[in-house]
Structures are given as structure tokens and as C-alpha cells.
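Heads up, the thing below is written out as C-alpha cells.
What follows is calculated from the coordinates using simple rules that are stated; it is not laboratory data. Owing to the predicted nature of the structure, the values given are computational and were not obtained by experimental measurement. As a convention, Cβ positions derive from the backbone with ideal geometry for all residues, glycine included, and neighbour counts pool all protein chains shown.
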Amino acid sequence: MSDLLGYKGKRVIVSGCFSGMGEATARALIDLGAEVHGVDFKDSALPLASFNRVDLRDPSTIDAAVAAIGGKVDALFNCAGLPGGGAFPALDTFKVNFVGTRHMTEAVLPLMGPGGAIVSIASTGGLGWSRRIPVHMELMQVQGSQAAVDWAEAHPEHVAEGYAFSKEAVIVWTQFMCARLIKQGIRINCTLPSPTQTPMMATFQATSGKDVVDAAAEPLGRYSTPEEQANGLLLVNSDMAAIVTGVVLPVDGGFMGSLATGQIDISAMMKRG
Ligand SMILES: NC(=O)c1ccc[n+]([C@@H]2O[C@H](COP(=O)([O-])OP(=O)(O)OC[C@H]3O[C@@H](n4cnc5c(N)ncnc54)[C@H](O)[C@@H]3O)[C@@H](O)[C@H]2O)c1
């Protein structure tokens, strides 16, 4: 297989390797010849170089996993996530999607050198990020996982059901970190998947309403597959994307473009929910 993407022999970490997009990403990286270290709070059946059980709500499990992996790390794929909408406590969703993802990244960064790459899965659910940048910039200044959780507990008016705010925070944090990390030759990006057929989908349909979910899949005419989402992550973390950083990349079959050009009416879409 050609190695244009440059993963052969690379040491990579994939969070959320148990199912969905993380599982598809880890599987593709194994096929591409990478040394794949997986973390999740559920065991993985994949032939990984190592698996460490991590609960992203608990920073000590993240630190232990990263210490066990050790060595040099070339790429990090932050794929683990929890839905919101009342299906889980809002604070848990915030902890997994933002606080734990940030903690994981900060733990891995000292193991990375020039050429290192980080990608996180955000969501089109975080598309409201630009409406409250001052709030997110306040959160960006809050260092440390416990302090970020304390901040969230003090601001339920922003965190709300947890999912949208946590994904907005990932989007803002990605853009906030890119300029300082590129000085070390390290890139950081995130993706915005459109509705994707993974185990999480049943919760999205139950909490947001199937009509709302389907509206976001309308340009493509179907839900995307975990493999299509994995490919977007592989592309942006690959050697081919050498100076691509701070990018919020829709992997969405045209949903964001349709919104931006008024071809999907977001308020009509929300009324359907
Ligand atoms: N499926 C969609 O339509 C969709 C759309 C936009 C964004 N996303 C995002 O994509 C990412 C992947 O989700 P998916 O759709 O593949 O769903 P999924 O449920 O199949 O995968 C989520 C993974 O995260 C792991 N995880 C959950 N809580 C954890 C915790 N506390 N600690 C460690 N691991 C934990 C799960 O075990 C699982 O392996 C998530 O961040 C999700 O928010 C999904």
C-alpha cells in the first residue's frame, strides 16, 4: 500500500477505540502500518500495540495510560465522546468531551516533537461557538481539569445540557492552541461530522428528534459511515496536511456549506425537534 499519508511505523494514540469513529480510525491506522495505542473505558477487540482503560472523567486514569504508553508519540486522535441532551449528566458530557480531551492532549504533548499532530472530533452541534467567544475565552484561561470542572459547575447557564457547549469548547480550544503549538512544529485540528451511523446515533435521535438529525444529513442524502469520518481524521493528521493547523473541518457531505448559504434553515430545522 502506498504511504502518502505517512502512517507506516508511526506511534499513534486513539481515544474512543471501542466503537464508532474511534474504532474505525484505530482499525484503519493498523491497516496503514502504524503502531496503535488505544484508550477507552470499554475494552477493545482490535489487535492494538497496547490498550489502556481510561475514563476521561478521571484525569488520574489518563495520566496512568499516557505514562504506560510512554516513548515518542507522533499523532493523537481524540475520538471518545459522550452525547448530551439529558441522556447523561451534563457535567459528565462536558468532562469527557472537553476537559478529558484537553487533559489527554496536555498529557501527550510532552511526548510529541516537531511533526506531531492532534485531531479531535468536535461536532456540527458546536456550530454556535462564534456566538459566545468571550465565554469560551474565559474557559480557555482556566488551567487544569479540576478548575475547568469547577468553572463548569459555576456556569450551568452556559454548559446547559453539556453537548453543544462541550463541542463549542473543543472548537475554540483547537483554534486557541494552534498558533502556540505550531511554534513547536505540532499541529492541532478538529472535525465536524454530520450524522453518522454509530452506537451514539440512537441517543441523538432520541434526544434531538430524528427529523432534526435527518435535516443535518439532507445534503448528503444519508448518514455517513464511521469509516468516512475516520478518513477525515486520517487526512488531517497525516504528513500530507503538513501546515494545516487550527482548522475546524466539516466532514459532513455539505451540511455546513448549505447552512452558510441559506439552503438549510437552521431555525426551521430546530422547530422540527
Ligand atoms: N455519531 C454522530 O452522528 C456524531 C456526530 C458528530 C460528532 N460525533 C462525535 O464523534 C465522536 C465519536 O462518537 P461515535 O459517534 O463514534 O460514538 P460511539 O459511542 O460509538 O463512540 C464513543 C466512544 O467514546 C468512548 N467513551 C465514552 N465515554 C468515555 C469515557 N468516559 N472515557 C473513555 N472513553 C469513553 C466509548 O466507549 C466509545 O468507544 C464523539 O466525540 C461524538 O460526540 C458523533
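What number comes out for the charge environment of GLY125, summing +1 per Lys or Arg and -1 per Asp or Glu over other residues with Cβ under 13 Å away?
-2
Fully extended, how many nm does the chain gain between LYS8 and SER267 (0.36 nm per residue separation, minus their Cα-Cα distance)?
Difference between extended and current length: 88.7 nm.
If the cut-off is 28 Å between C-alpha atoms, which lysines fall inside it for LYS210, apart from same-chain ones fewer than 8 positions away?
Of all the lysines, those that pass the test against LYS210 - Cα under 28 Å, at least 8 places apart if same chain - are LYS42, LYS95, LYS167, LYS271.
Let me know the whole percent of all Cα-Cα pairs from the range 115-167 that are separated by more than 17 Å.
42 percent
For the range 11-272, what class follows from the C-alpha gyration tensor (a ≥ b ≥ c being the square roots of its eigenvalues): rounded when a/c is under 1.5, otherwise prolate if a/b is larger than b/c, else oblate?
rounded
Once Lys and Arg get +1 and Asp and Glu get -1 on their Cβ, which of SER44, LEU139, ALA230 lies farthest toward the positive end of the dipole of the range 11-272?
Selected residue: LEU139.
To the nearest 0.05, how large is the calculated FRET efficiency for SER60 and ALA154 if R₀ is 35 Å and r is the Cβ-Cβ distance?
Working: r = 23 Å, r/R0 = 0.66.
Rounded to the nearest 0.05, the efficiency is 0.95.
Is there a quick way to get the dipole size of the chain? I mean about its Cα centre, with the Cβ of Lys and Arg at +1 and of Asp and Glu at -1; what is the value in debye to the nearest 20?
380 debye
I need to check one value: relative contact order of the chain, counting alpha carbon pairs closer than 8 Å and at least 6 residues apart, in percent.
20 percent
Once Lys and Arg get +1 and Asp and Glu get -1 on their Cβ, which of ALA202, ALA75, THR93 lies farthest toward the positive end of the dipole of the chain?
ALA75
Please compute the modelled spin-label separation between ILE243 and ARG132, points set 7 Å along Cα→Cβ, answer in nm with one decimal.
Here the modelled spin labels are 3.6 nm apart.
Scan around LEU76 for amide H atoms under 5 Å from its own, H built in the peptide plane at 1.01 Å from N, and keep only partners 5 or more places away or cross-chain.
ILE13, ALA117, ILE118, VAL119
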